[in-house]
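Below is one structure; the comments refer to it alone.
Throughout, read-outs are computed from the coordinates displayed, never taken from laboratory work. Model, not experiment: these values are computed from the prediction. As a convention, Cβ positions derive from the backbone with ideal geometry for all residues, glycine included, and neighbour counts pool all protein chains shown.
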Amino acid sequence: MARTNFDMLLEAGCHFGHLKRKWNPAMAPYIFMERNGIHIIDLHKTVAKIDEAAEALKQIAKSGKKVLFVATKKQAKDIVAEKATAVNMPYVIERWPGGMLTNFPTIRKAVKKMASIDKLMSDGTYGNLSKREILQITRQRAKLEKNLGSIADLTRLPSALFVVDVMKEHIAVKEANRLGIPVFAIVDTNSDPKSIDFMIPANDDAKDSIEVILNACCTAIAEGLEERKAERADEKAAKEQAEEASEVKPRARKARKEEAPAEVVEEAPVAEEAPVAEEAEEAPAAE
């Protein structure tokens, strides 16, 4: 079953591309026609690409890996923050910090610095500082929170990037390509899809267009997380059953061992009488 349909994408305005004079020839296979100087995107291909991307995202989430959402353009910020938070995924909606992927350890140091400031505020050390020092630290904390607060839980490199507007986020795409991290992206008619692993041809400027695509992708991620949760619960139940079974076997063996001596005692006299009888029969023959 398709995660989206033609009518849903049409209503959201996903079919509107850029002006004909601003197009990228590499997007020609995904352009349906040109009307009034504007390229129209083939939504049938968009539906297929959304399903393909959503299935791949589902498998990534099911394996317990993280997807980093990147969208710094004004009309996409709030939507991306809302959808990524709903599925507990990291996101960047302010400025892309250069070297965030290629120089990840340095970014982690900045995040740890934010945590150390929080510790100062909680343990009472903060109160011993002067007003000027407090103001400087507060401003530094606010700046770090704005730029890196959404990736505070990202302890390792993400397994995939989801980008809105490839042209604007070209630095993030280049870093991901350099590290071999797969890139999912909404690609408009003015962008080059060659550097994108899972491209979704659609309007990347309209708020409704971005929202309908993110809905489909984030729903797939949520499904992957639920399946992972169910699998882990099944594994835990199977492990508990195996442990119970392993405990029952020693008990059964112990019970058998405790019953064994009583049987031996009953059979012992029979085993001793047989030789006496044989000796009694053989005695006259010897005389």
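For region 102-156, the Stokes-Einstein estimate of translational diffusion at 37 °C and a viscosity of 0.692 mPa s comes to 275 µm²/s, using the Kirkwood hydrodynamic radius over alpha-carbon pairs. On the principal axes of its alpha-carbon atoms, region 64-215 has extents of 57, 31, 27 Å, going from largest to smallest.
Taken about its Cα centre, the chain carries a charge dipole of roughly 4240 debye when the Cβ of each Lys and Arg holds +1 and the Cβ of each Asp and Glu holds -1. Compared with the dominant Cα axis of the chain, that is its longest principal axis, helix 43-62 is turned about 40°. Ranked by how many other Cβ atoms sit within 10 Å of their own Cβ, fewest first, the residues 209, 159 fall in the order 159, 209. Extension gain for the segment residue 135 to residue 152, taken as residue separation times 0.36 nm less the Cα-Cα distance, is 3.9 nm to one decimal. Of all DSSP beta bridges in the chain, what percent run antiparallel (nearest 5)? That works out to approximately 30 percent antiparallel. The spread of Cα positions in the chain, taken along each principal axis and listed from longest to shortest, comes to 133, 65, 32 Å. Neighbour counts of C-beta atoms inside 10 Å place 111, 173, 87, 164 in the sequence 111, 87, 173, 164, starting with the fewest. Placing unit charges on the Cβ atoms of the charged side chains and taking the dipole of the chain about its Cα centre, the candidate lying farthest along the positive direction among 121, 222, 59 is 121. Going down the table (65/143; 66/168; 73/194; 49/194; 20/77), which pairs top 19 Å between alpha carbons? Correct reply: 65/143; 66/168; 73/194; 20/77.
If you rank 15, 44 by fewest surrounding Cβ atoms within 10 Å, what's the result?
Details: 15 21, 44 11.
Ranking 15, 44 by Cβ neighbours within 10 Å, fewest first, gives 44, 15.
The modelled label-to-label distance between residue 125 and residue 243, using points 7 Å beyond Cα along the C-beta direction, is 4.0 nm.
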